[in-house]
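Notes for the one structure printed next.
The values are calculated or read from the model by the stated rules, or taken from the named source; none is laboratory data. Keep in mind the model is a prediction, meaning the values are calculated, not measured. Note: accessible area is taken over every heavy atom of the protein model, side chains too, but ligands, DNA and RNA are not part of it. Shrake-Rupley method; radii C 1.70, N 1.55, O 1.52, S 1.80 Å.
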Amino acid sequence: MKIESVATARLVLHPLNRDEAERIVARESGDGDRWGAEYPGDGDVRAATGFLRGLTERGDPGVFRNYEIRLDGVAVGGIGFHGPPDELGVATIGYGLVPGVRGNGYASEALRAILEVARTAGVTGVKGDADLDNPASHRVMEAAGMACVAEDEQLRHFYRGF
């Protein structure tokens with residue numbers, strides 16, 4: 001199945017395939033890869049590892065995969081789904097940017113785009129969470145239209161229904 005890239009005003013969300021995810025996990029770029037400084041980060045490696053595990057266990061996830069966040073054609077982070085939607089039709093998202101491009105609204109822009117991918121694919125909602133001591137990530141989710149729905153001793157939980 002061919003999954004298209006998602007373009008925003010300033011970014012391109014490039015859907016990862018198996019080979020690209022394997023290079024991210026190995027932290028070894030290949031021909032044609034344009035990786036920014038500090039990419040891939042630890043979060044990108046964890047997400048690509050989960051994506052590869054999901055491919056093995058469940059097959060191709062369609063749009064519910066990981067995407068490279070590209071700025072001017074250079075990978076500066078990642079965003080995507082932790083897998084297909086659950087039995088209630090809710091998908092879980094995660095994202096991250098390299099430190100050098102944070103604070104410019106790119107994460108919120110990418111998150112708004114991935115929320116639209118999820119909505120178009122028919123999910124009932126999208127959830128995400130962030131550590132209590134990560135107010136920047138809280139602002140990203142709020143700016144993308146997600147509401148804080150719960151808080152525990154470690155995390156703030158966000159949700160957006162469709």
Gyration tensor on Cα atoms of region 93-162, a ≥ b ≥ c root eigenvalues, a/c under 1.5 rounded, else prolate if a/b beats b/c, else oblate, says oblate
Note on region 1-80: contact order normalised by length, alpha-carbon pairs under 8 Å, 6 or more apart, percent, works out to 38 percent
For the chain, what is the accessible area per residue in Å² when the probe is 1.4 Å? 52 Å²
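Checking the a/c ratio against 1.5 first, then a/b against b/c, what shape does the Cα gyration tensor give for region 56-136?
It is prolate, given that a/c is not under 1.5 and a/b is the larger ratio.
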At 1.4 Å probe size, what's the solvent-accessible area of Asp131? Round to the nearest 10 Å². 80 Å²
Only helices counted: for the chain, with every DSSP H run of 4 or more residues adding -39500 (n - 2.57) and the sum spread over all residues, [θ] at 222 nm is -9500 deg cm²/dmol
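With the contact rule set at Cα under 8 Å and sequence spacing of 6 or more, what percent relative contact order holds for the chain? Don't jump to the answer; show the numbers that get you there.
Working: 285 pairs, mean separation 29.9, N = 162.
Result for the chain is 18 percent.
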Can you work out the Karplus-derived ³J(HN,Hα) for every residue in region 115-120? Use 6.51 cos²θ - 1.76 cosθ + 1.60 with θ = phi - 60°, whole Hz, and x for glycine or proline. 5, 5, 4, 5, 4, 4
Scattering profile of region 1-74 from the Debye formula, Cα beads only, expressed as log10 I(q)/I(0) at q = 0.11, 0.22, 0.25 Å⁻¹, is -0.26, -1.04, -1.29
Under-5 Å amide H pairs with Arg102, H placed in peptide plane, nonlocal only: none
